[in-house]
Structure formats: structure tokens, C-alpha cells
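K.L.:
Can you read through this structure? Questions will come right after.
The values are calculated or read from the model by the stated rules, or taken from the named source; none is laboratory data. Worth saying up front: this structure is predicted, and the values here are computed from it rather than measured. Positions of Cβ are generated from backbone atoms using ideal geometry, with glycine treated the same way; all protein chains shown enter the neighbour counts. What goes into the accessible areas is simple: the full protein's heavy atoms, side chains included, and nothing from ligands, DNA or RNA. Shrake-Rupley method; radii C 1.70, N 1.55, O 1.52, S 1.80 Å.
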Amino acid sequence: MNSIRLVRDELRPPGPPPRRHLLSVADLTRDDVERLLGTAGTFAASMDRELKKLPTLKGRLIVNLFYESSTRTSSSFELAAKRLSADTLNIKSVGSSVDKGESLKDTALTLGAYDPDVIVIRHPQIGAPQLVANVTGAHIVNAGDGKHQHPTQALLDLYTLKHEFGRLEGLHVAIVGDVLHSRVARSLIQAFELVGIRCTLVGPPALLPRDLGVEATTDIAAIRDADVVYVLRMQNERMEQGSNFVPSLREYAAKWGITPERLRVGQKVMHPGPMNRGVEIDPRVADSIDSLVEAQVRSGLVVRMAVLYDVLTGGPVGVRALAAAEVA
Amino acid sequence: MNSIRLVRDELRPPGPPPRRHLLSVADLTRDDVERLLGTAGTFAASMDRELKKLPTLKGRLIVNLFYESSTRTSSSFELAAKRLSADTLNIKSVGSSVDKGESLKDTALTLGAYDPDVIVIRHPQIGAPQLVANVTGAHIVNAGDGKHQHPTQALLDLYTLKHEFGRLEGLHVAIVGDVLHSRVARSLIQAFELVGIRCTLVGPPALLPRDLGVEATTDIAAIRDADVVYVLRMQNERMEQGSNFVPSLREYAAKWGITPERLRVGQKVMHPGPMNRGVEIDPRVADSIDSLVEAQVRSGLVVRMAVLYDVLTGGPVGVRALAAAEVA
Amino acid sequence: MNSIRLVRDELRPPGPPPRRHLLSVADLTRDDVERLLGTAGTFAASMDRELKKLPTLKGRLIVNLFYESSTRTSSSFELAAKRLSADTLNIKSVGSSVDKGESLKDTALTLGAYDPDVIVIRHPQIGAPQLVANVTGAHIVNAGDGKHQHPTQALLDLYTLKHEFGRLEGLHVAIVGDVLHSRVARSLIQAFELVGIRCTLVGPPALLPRDLGVEATTDIAAIRDADVVYVLRMQNERMEQGSNFVPSLREYAAKWGITPERLRVGQKVMHPGPMNRGVEIDPRVADSIDSLVEAQVRSGLVVRMAVLYDVLTGGPVGVRALAAAEVA
């Protein structure tokens, strides 16, 4: 968001340029990250009240455009918008014009004509959020594009780590599993580098890309050196299609599954969800007090509130702005 | 709701215990029922106004988590929440993480991390609402679990009967049809006993359990003794699977279908919907002035408003509370 | 809407009769059209503000009942309701009681028992909106019934034309394509006649009904005489079913597709969406500055706001009413 993106405006009425988007972790500076985490923290404080709704974005419209099913991410964005009093319009590819073969571009042009304040988009195609940014006047938030990026996941994980450890710089996180197909891993690696977190990739050779510029090992024992073990979801659907990446789920679990035995006492565990209990993560680990999974969900809500607020208001969050919002 | 349920709180931040749930009619006292019907009546009065929305639950979040499709129940709960100015988050199993094989427990933990005020849940598995109560800090309302319970249906039926007859005690209701598979029947039988309504079960031998502790007969003529004939939905999907419960829909309709000829003049008829016209209920009965089906739908809305209000506010509803709400 | 429709009220509590519906363009007078377009224009002005939401229909309930998938129309109605601060309840046939075989009549009776202010309905069956009007107490807006009517599409197209040309009377519009199966074309032809727009139908002989009382030709060159070329959607699903209406999509595109070469310079093009780029419309035309497609979407929003407002308030829109609404 440091490099504010200018878009072609030929087809639309002139609005207040320039717009702020969140398309990729690669666009963020360390200052951006700190500002966003700070805003999220401010919102988190208001979540402790009995009435959690803030009037901050009252009268605004957030469109959630999801081309892949996702309870977690779509409900998190929807609720983030509602907690800020924005209106939401949820468009899912199932049961929509998408069925009739309309192109993403035309869907975006249609939604753009409603002049929404923000379009949150998840799409299997890399670059889809940029395309929507190009043809609409809305602020765009990438909620996951193909194997490319999932920037709010990376931000919520940073928030979770900072909340847990009180700092980010100097932490060591082991990312375990199917790194090859994971947009979460790609986003995390960039985010970790930005804030000074050491990162080690661990997994089966076929799922471990060597071109990401970070340490990588096939030795599962390597996770013990890390402060946090970040377990990636093993995508059943990929394996059931008879690919050769992994012999079987059973074998994957035996070799790479995160069990209590493989962890140090007190070592923290994260997972972006939904979890395959008994595959990449042992249920005893998922339910242990060292699991940060619920904290991640909680962080996701306030981080997405912060992202919506930040792209829309464009400036640093001051005490004054939030205080005024609470009074309104 | 008399036996307020305490839950394990290890995994969650401490909230204001104890929480009130509506999991089963078996948890209710007669006082609970009378209080809830009274609240529903208060809300019903406000439904006569041109603007029916009340600010009572403004800023609250109601999650509707439906693992079975249902227009009636899910829209009734959604609207009940909206009429009270609460925000809603609707999660359906189709197109959600459920598709990815996430367990109910993990979905509940995720939703619980949003700190919703109430989770309304429908699930094919008996006990699912209790599981969600165990792992979240929300108030839980059971919107139907397997063949077990559907407590708001029982409450709305009591409300409908009271509105129609001016009393509950001493009424006689015949429940006709597939009692064996019906959570509606199970909930009604308990509710009827609680308030002093006599209940007779009528249906084909294979669909008539004998262990429910109430009168049961295979003689369809027995319905004439009742003040009200409560017709259960014949579940086509069950019959099409080639079960041996009933020979055919045609034969069922001939032997057990509720026709004008089988009713006394003025005898009232109820049905939880959706109706199979021409199977368990003759269209002439469904459309007659003695059908209370629309009244049941109308009752469902105000009873669900009352349930949401009651679990959240925890105390008896006074004139003062509602009056204050209207002013706010 | 001039001929206000009285309905049987036996089954419902008496409400304030008579109700206003928008079932068909055939019900509208020229005065109705002008009033609605005027209201839409008033709302369009408010869409230029940063906060676009108006409190006009606060506390009202709009039910969107869609038996056919449609991103465009359903999201347009949902947003129109939300921009006016109404609450919405969206019912789609997929995942609803419709799955359980409930009749439209019973679904309507159920929804009607909620006393919604407006029911917006799309249904594959001609006359479905009238049926819902007959059995509920709500104001009904037809969002498309079979091949019959799609009145808000016609109104938004008139609004778009008036905004573009400054007038309606005397314009000449060529409607091109599958007129036979198009409810859009049927609605447009009536609307054009009402306001004095000349209309020419152009298309393959098998898709060109001759009984609509307007000029019709199979000569694609005829479009050059028109001020506007209105391109109908070629329904793939129909062609894939092996009908004999059109030999193939490729051949249709070659003979009837709207390309830059077939248009005069500056000739305007409209399309109700979603577009099949490369079939009935060349991408260069879809993206040209003479395309009014996005303007149509924009018009759809304010026209539907005007329709909801008009059926509910029943009277002409005065400056005073809107001004008061803004203050509230």
C-alpha cells in the first residue's frame, strides 16, 4: 500500500484518486504493517465490550466477491464489515451470473457500476484482484488469488505472533507441509522477511519449492528449532486426484503430521484452517493450550476491520478518529 | 432453561457466566414456557405497526449455522434477529468449509472466536447444539438436531394454540403421521405434557413408536376426538429410498391423509411445513379456514424473537425493558 | 400501476388496501413511467455523494425471492433496498424448501405471514408474481417471470436512454437477436410504445416472432437506421440442448453478432447482460465508448430504488419527502 496504485479511469466517472488497495504483501512497507497491526489492536480493545459494533463505516458498501468457497475468510470479512456498520453485498460464484459464463471483467464492471467502497475478492486465477482494480473505482482487497497471495492471512498471522510474543523481530517460524501449492506460505514468507522473522520451510521434497529464497529442509526434526510451527493445510482434493506429490494421506500423516512427540514443550502451533485433524495436525496438538488457531481467527476479524478501515480512510488511525466514531 | 448449563471455559476468555441456551424442551419449566409465550405476545403487538422493527438487540450478532436446508426455519430466525435490529451472519453447509471436511467442532471454534451473542444451529446429528455450547461462549439455540429436538417449533405451536383457544391446559391434540422420524413430534410431546395438553399419536404401525409414554393408535378415526389435528410432514426423500415404512405415497394418502371427510366441522389443523399437498394433507384442508398453518408461521417469528431476547437478556421481560427499547 | 390491483384478502388480516404492484409494463401509464424515472433521477443525484445510503425505507422489509439464478438483478434489488436502509431477506430456490417440493403458493403464504413490505420475485413460470400478489399482503415487484415480463429492465433501459439522449419520444431502437425467448424484448416493446420510441426487431427468422405488432426484419443491415442497437443475450443453454433455432454459436456470431463494422460511428449499443462476448456482441463493441452497458447497470440501481419507493409510498415523490428522509 506504500506504492499506491493508479488505475485507468477512462470508463468510470472521476472519483477521489488515488485509491488504496491491498493486493499483495509485496506492496507493503514495514510502516504499513505496523500501522495496520496498530489499528487492529485498537479495534481488538472494542471487541471486549458487550456491544462490539462500531459506527466507523456506517453507510459504506463492502462487496464480497468469492469465486471459491470459504467459510472462514468470507465470514470474517463479512463480519468485519458489519462490526464497522458497513453494508455488505455477498456474491458467490455458485448460483450467480458466473454460472452463465460471464467473464470476471464483466462481473467486475457490473459490480463497479454500483460504486461500492470496497470489493473483497477471492478467485482461483492469479491477478484477478488487479483486474478488478483496473476496471472499477473501488478499493480492492485480495482475499486469495490462486497460488499467489493471501495478504490478510499473513497480516493476521503477524498480529497473532505479536500478541503472543510481544515482538516480531527475531522470531523463528517453521512452515510445514505443502508449500508448493500454498498462497498462505508465499504471503507469509514475504511478511516474515519484512518484519525480521526467520523462516524455515519443512516438507516432502515434491512439495518444497527451492526458489523462494528461504531455508528449506526435508527433515521434520528441524521444526524443533523454531519458536512456532506453522502447519499448512494438506489439500485432500489435490491428493484424491491421484497426483504423485504424496503417496497417501496416511503416509503423509506418519512422516509429516505434527504430533505432540515432534514438538518441544511449550512450542506454539499455528494453522490457517480448516484443519484436517489426523492428517497434517494431530488432534491433541490442535486442542492443546499451545495451539494459536482460535487466536488466529480472532485476529483475522480485527485485522480485516483494520484493512477495510485503512484502505477507506487512507491515513494513519488516530485516537481522535476512533473516539469520534464511537461518539457518533 | 431452568437448568442453566455451565460449560467448560478453558479455551475461551472469561465472559459473564452463566449462559442461557435453548437446547431441548426437556430443559424448560412451565414458568419458562409462560414467560416466553408472554414475551412473544408482547412482540406480536408490535408486529401490527407499519414499522415493525424494534431496536432491542441493536449491535448484537446472531449466527445462523444451518447444516440442513430450510427456508422456513432459517428465514424465520434471520428475520426474528433483524426485527430486533441484531446483525446476522448466515452460514450454510453448502459452499462452506464444511465442503472441505472440517469438523463441526472446528467450525464451532471458528465461529465462537468471533464472539457472537447467539448461535442458532440446525444439524442432522443429535447433540450437535450441545457440542457447540461446549466449545463456544455463545448462547445456543437448537433449530433442529437429527430426530431429537426442535424446541422453537414446539414453542411456536403452543403459542398458536394459546392464541387460537385462549388456553392450553385441557386441550387434546392428535399428532398424525411419521412420528418415528419426527423431531417435531418428540418436542411437541414433551411440551404438551408440560402444559397439560392431552396428546394422541396416530399413524401406520411402522411409523408409530410405542415408547414415548403417550396414547398411540393406528386408527385414523381417532383424530375426531381431538380439538386439533397436527399433521406431520411425510418425508418423500425417505420413501423414495425404498424403505419399507410405507408401501407408497398414494397408499399413505388414502389411508392416513387428512381430508375434509375425516375431520369434524370446525376441527383445527396444524402442520409444521413444508406441506406435501395431496399426501399427508388434502389441499382443501390446507386452504380451509380451519387451517392454522399461516398462524404457525406468524407465531414462529414472534416466538423466535422472544427466544433470542430471553437467552440474551436472561431475565423476565418487563414492560419497562421493552418500553425502553422502543425509545432508544 | 395505474390499474391498482385488488386481491383476495380472505386469508390475511386486513391491511391498508389497495396495494401497489409492479407486475407488467402493460399496467403502467405514461405518467407512471415519468414519475418513476423522475424519482430515479432524484435518487441518482444522491448516488454522487460519498455516503450514498438514504434512510427512506428504514425499518421496512424487502424479500427477494429468486427461483432463477441472477447476480445482476438480485444484487441490484438487494442493494437498492439497502441504499434505502430497508432490511432484506434473500430466498433462493437452491438450498430452500423449494428443494423439498413445496409449491410456490405455500412458499408465498409462508413469506406473506412475515408481513414483508415488498416481495421481489423472479420465477420461470409466467404469472408467478400475480399468484404471490393473490395470496400475500405484500407489494409485489416482478423481477422476471418466464418469457413474459421483466418490467424493471424496461424501466432502467428507458432511464438510460433518457439520460443519454435527453428525450425518449422519437428515438429509434433496433432490438437484435433471440426475440422469441426474451422477456426483456417483450417488456421493452411495450415500454417503447408507451413513450413513443420506434422499435425494429432484427434477428434470424426462427427467433423472430411476427405477432408482436412491431416492425421486424431478418436483414442485419437494418440496425444502421437506429439510434441505438439493443443486443439481446444469446442463451447458450438453449442452443446446447440441440434445438434447431440457430445452427451454431459460431454461425450466429458471423451472421448476427454486433461488430464495429456493422455499426455507424457513434451509434449507441445496449445489452441487458450478462454478455456473451464474441457471440452476440463483439468485445470491441462491448468495451467501446458507445456501449451503454455500465450505464444500464447504474440505472438499474436507481430505478429499482424508485420502484421500491413508489410501490411503498404510493404517491408522487416530492422534494419535501426526500428532504425529510435525509434529515431523519
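K.L.:
Once the Cα atoms of segment A:151-296 are picked out, what are the Rg and Dmax in Å?
P.N.:
That works out to 14.0, 44 Å for Rg and Dmax.
K.L.:
Please get the size of the charge dipole for segment A:148-244, origin at its Cα centre, with Cβ charges of +1 on Lys and Arg and -1 on Asp and Glu, quoted in debye to the nearest 20.
P.N.:
Working: 9 positive and 12 negative charges, 27 e Å.
With only Lys, Arg, Asp and Glu charged at Cβ, the dipole is about 120 debye.
K.L.:
Let me ask something else. Calculate the spin-label point distance for C:ILE289 paired with C:ALA221, positioning each point 7 Å from the Cα along the beta-carbon direction, and give it in nanometres.
P.N.:
Placing both labels 7 Å beyond Cα along the Cβ direction yields 3.0 nm.
K.L.:
Hey, any idea what % of chain B's accessible area is carbon plus sulfur with a 1.4 Å probe? Provide the component values of the computation, followed by the final result.
P.N.:
Details: 6490 of 12270 Å².
About 53 percent, which is the carbon plus sulfur part of the accessible surface.
K.L.:
Could I ask something else about it? Find the centroid of the Cα atoms in segment C:157-203 and in segment B:195-230, then give the distance between the two in whole Å.
P.N.:
Here the two parts' Cα centres lie 62 Å apart.
K.L.:
Across peptide A:72-78, what mean number of C-beta atoms from other chains lies inside 10 Å of a residue's C-beta? Working shown, then result.
P.N.:
Working: counts 8, 1, 4, 9, 4, 0, 4.
Rounded to a whole number, the mean comes out at 4.
K.L.:
So what's the net charge close to B:VAL279: Lys and Arg +1, Asp and Glu -1, counting the other residues with Cβ under 10 Å from its Cβ? Can you show the working numbers first?
P.N.:
On the way: positive: B:ARG233, B:ARG250, B:ARG277; negative: B:GLU280, B:ASP282.
Here the count lands on +1.
K.L.:
Counting partner chain Cβ atoms within 10 Å of every residue's Cβ in C:275-285, what's the average?
P.N.:
On the way: counts 8, 5, 5, 0, 1, 0, 0, 0, 2, 0, 0.
Going residue by residue through C:275-285 and averaging, the value is 2.
K.L.:
Here's something else I'd like to know. Which sequence of B:LYS147, A:LYS268 reflects their accessible areas, 1.4 Å probe, from the largest down?
P.N.:
From most exposed to least exposed: B:LYS147, A:LYS268.
K.L.:
Let's see if you can work this out: charge +1 on each Lys and Arg Cβ, -1 on each Asp and Glu Cβ, no other charges. What is the dipole magnitude of the protein assembly as shown about its Cα centre, in debye to the nearest 20?
P.N.:
Values: 117 positive and 114 negative charges, 199 e Å.
Here the size comes out at about 960 debye.
K.L.:
Mind checking which aspartates and glutamates have their C-alpha under 12 Å from B:LYS147, skipping anything on the same chain fewer than 8 residues away?
P.N.:
B:ASP178
K.L.:
Something else now. Equivalent ellipsoid semi-axes for segment A:254-315, as square roots of 5 times the alpha carbon gyration tensor eigenvalues: give them largest first, rounded to whole Å. Could the numbers behind the result be given before it?
P.N.:
Numbers: eigenvalues 199, 27, 15 Å².
They are 32, 12, 9 Å, listed largest first.
K.L.:
When chain B is modelled as a GNM with alpha-carbon springs shorter than 10 Å, which of B:GLY137, B:GLY38, B:GLY59 fluctuates the most?
P.N.:
Ranking B:GLY137, B:GLY38, B:GLY59 by mean-square fluctuation puts B:GLY59 first.
K.L.:
Moving on to the next point. Size of the dipole of segment A:35-86 about the Cα centre, Lys and Arg at +1 and Asp and Glu at -1 on the beta carbon, nothing else charged, in debye to 20? Numbers along the way, then the final one.
P.N.:
Details: 9 positive and 4 negative charges, 42 e Å.
So the dipole magnitude of segment A:35-86 works out to roughly 200 debye.
K.L.:
Continuing with the same structure: Out of all DSSP beta bridges in the protein assembly as shown, what portion is antiparallel? Express it as a percent rounded to 5.
P.N.:
Numbers: 3 of 108 bridges.
Roughly 5 percent of the beta bridges in the protein assembly as shown run antiparallel, per DSSP.
K.L.:
Let me ask something additional. Add -39500 (n - 2.57) for each DSSP H run of 4 or more in the protein assembly as shown, then divide by its residues: what number comes out at 222 nm, to the nearest 500 deg cm²/dmol?
P.N.:
On the way: 33 runs with 366 residues, N = 984.
Mean residue ellipticity at 222 nm (helix-derived): -11500 deg cm²/dmol.
K.L.:
Any idea of the total accessible area buried by the C-B contact, 1.4 Å probe, rounded to 100 Å²? Walk me through the numbers on the way to the answer.
P.N.:
On the way: alone 14840 and 14840 Å², together 27100 Å².
That pair hides around 2600 Å² of surface in total.
K.L.:
Using Cα centres only, tell me the gap between segment C:253-313 and segment C:44-90 in whole Å.
P.N.:
22 Å
K.L.:
Amide H of C:LEU89 versus every other amide H placed in the peptide plane: which residues, excluding those fewer than 5 positions away on the same chain, fall under 5 Å?
P.N.:
Excluding prolines and chain starts, which carry no amide H, the hits are C:ILE62, C:VAL63, C:ASN64.
K.L.:
Right, something else. Through the Karplus equation 6.51 cos²θ - 1.76 cosθ + 1.60, θ set to phi - 60°, convert the phi angles of segment B:26-34 into ³J(HN,Hα) values in whole Hz; use x for Gly and Pro.
P.N.:
Result, rounded to whole Hz: 4, 7, 8, 9, 4, 4, 4, 4, 5.
K.L.:
Would you kindly calculate the mean projected area, averaged across all directions, of the convex hull enclosing the Cα atoms of the protein assembly as shown, in square nanometres? Display every interim value, and only then the final one.
P.N.:
On the way: hull surface 163.4 nm².
Mean orientational projected area (the protein assembly as shown, Cα hull): 40.9 nm².
K.L.:
Suppose you put the label 7 Å out from Cα in the Cβ direction; list, shortest first and in nm with one decimal, how far C:GLY278 is from each other copy's label.
P.N.:
4.5, 4.5
K.L.:
Taking a label point 7 Å from Cα toward Cβ, how far is C:ASN134 from its twins in the other copies, in nm, shortest first?
P.N.:
So the distances to the same position in the other copies read 5.2, 5.2 nm.
K.L.:
Put +1 on the Cβ of every Lys and Arg and -1 on every Asp and Glu Cβ in chain A; which of A:ASN276, A:ILE189, A:SER69 then has its Cα farthest towards the positive end of the dipole?
P.N.:
Sorting the options by dipole projection puts first A:SER69.
K.L.:
Ratio of alpha-carbon Rg to the 2.2 N^0.38 Å globular estimate for chain C, to two decimals, please.
P.N.:
On the way: Rg = 19.9 Å, N = 328, 2.2 N^0.38 = 19.9 Å.
Rg over 2.2 N^0.38 Å, computed on Cα atoms: 1.00.
K.L.:
Does anyone have the angle between helix B:71-83 and the longest principal axis of chain B? Alpha-carbon axes, 0 to 90°, nearest 10?
P.N.:
That works out to roughly 40 degrees.
K.L.:
Among the DSSP beta bridges whose two residues both lie in segment A:125-281, what percent are antiparallel, rounded to the nearest 5?
P.N.:
Values: 1 of 18 bridges.
About 5 percent, rounded to the nearest 5.
K.L.:
Another question, if that's okay. Among B:SER93, C:SER248, what's the order by accessible area (1.4 angstrom probe), most exposed first?
P.N.:
Working: B:SER93 25, C:SER248 45 Å².
Heavy-atom accessible area, descending, gives C:SER248, B:SER93.
K.L.:
Near A:LYS105, which aspartates and glutamates are there with a Cα under 20 Å away, not counting those fewer than 8 places off in the same chain?
P.N.:
A:ASP9, A:GLU10, A:GLU68, A:ASP115, A:ASP117, A:ASP145, C:GLU280, C:ASP282, C:ASP287, C:ASP290, C:GLU294
K.L.:
Given a cut-off of under 8 Å on Cα pairs at least six residues apart, what relative contact order in percent is computed for segment A:151-296? Don't skip to the answer; put the middle values down first.
P.N.:
Values: 247 pairs, mean separation 33.7, N = 146.
In percent, rounded to a whole number, it is 23.
K.L.:
Here's something else I'd like to know. Taking only Cα atoms and a 10 Å spring cutoff, compute GNM fluctuations for chain B and point out the largest among B:VAL179, B:VAL214, B:VAL132.
P.N.:
It is B:VAL214.
K.L.:
What residue among B:GLU294, B:GLU102, B:GLU164 has the largest mean-square fluctuation in a Gaussian network model of chain B, using Cα springs under 10 Å?
P.N.:
Judging by the Gaussian network model, the answer is B:GLU102.
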